[in-house]
Every structure is written in C-alpha cells, then in structure tokens.
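Here's the structure, in structure tokens; my notes come after.
Just so it is clear, none of the values below were taken in a lab; they were calculated from the coordinates. Given the structure is predicted, the values throughout are model-derived calculations rather than measurements. Positions of Cβ are backbone-derived with ideal geometry, glycine not excepted, and every protein chain shown enters the neighbour counts.
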Amino acid sequence: MTSGDESRSTPGSASRANRKIRLKCPCGESLVEPNSDALVASAFDHLREVHPDLADRYSREDILLFAY
C-alpha cells in the first residue's frame, strides 16, 4: 500500500461531520443526534414527555455535560 492511498481508514480518521453526539438517560432511553443543538432539543423533548417533573431542572449546559 502506498502512503498516498487516501481510501484506507485508520483509527481516529472518522470525519467530525459523520460523528454523532449521544446521551443515555437513566431511564434507559438513548438519544443520538448529529450535533449538540439537536441533542439538546431531543433531550428537552424527552424530559417534557417522560420526566415532566424534571424538565425545568436542567439547562443546555447540564445536558451537554452528560453527552458523549
């Protein structure tokens, strides 16, 4: 294989554009979105629908702290 072969994949070579951001709720629900804005929106939707008593307790920053 030549050093100019750009078609091969190496560890860590995944494009940031293809990465997803994830969050796992303690209730077991997994949220996967293409970016932090979409993840925060999905997390707030989930909180309002499934955990309405907790929906006002979290900020955008809190949600992103749990994201991976």
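The charge dipole of the stretch 20-66, taken about its Cα centre with unit charges on the Cβ of Lys, Arg, Asp and Glu (plus for the first two, minus for the last two), comes to roughly 180 debye. What the Cβ-Cβ distance of N18 and D45 gives, at R0 = 22 Å and to the nearest 0.05, is a FRET efficiency of 0.40. Across the stretch 55-60, rounded Karplus estimates of 3J(HN,Hα) from the backbone phi angles (6.51 cos²θ - 1.76 cosθ + 1.60, θ = phi - 60°) give 4, 8, 8, 10, 9, 4 Hz, Gly and Pro being marked x. Extending 7 Å from Cα along the Cβ direction at N35 and again at L65 yields two label points whose distance is 2.5 nm.
In the stretch 20-66, one over the average inverse separation of all distinct C-alpha pairs is 10.5 Å, which is the Kirkwood hydrodynamic radius. For L47, the shell of other residues with beta-carbons less than 11 Å away shows a net charge of -4, using +1 for Lys and Arg and -1 for Asp and Glu.
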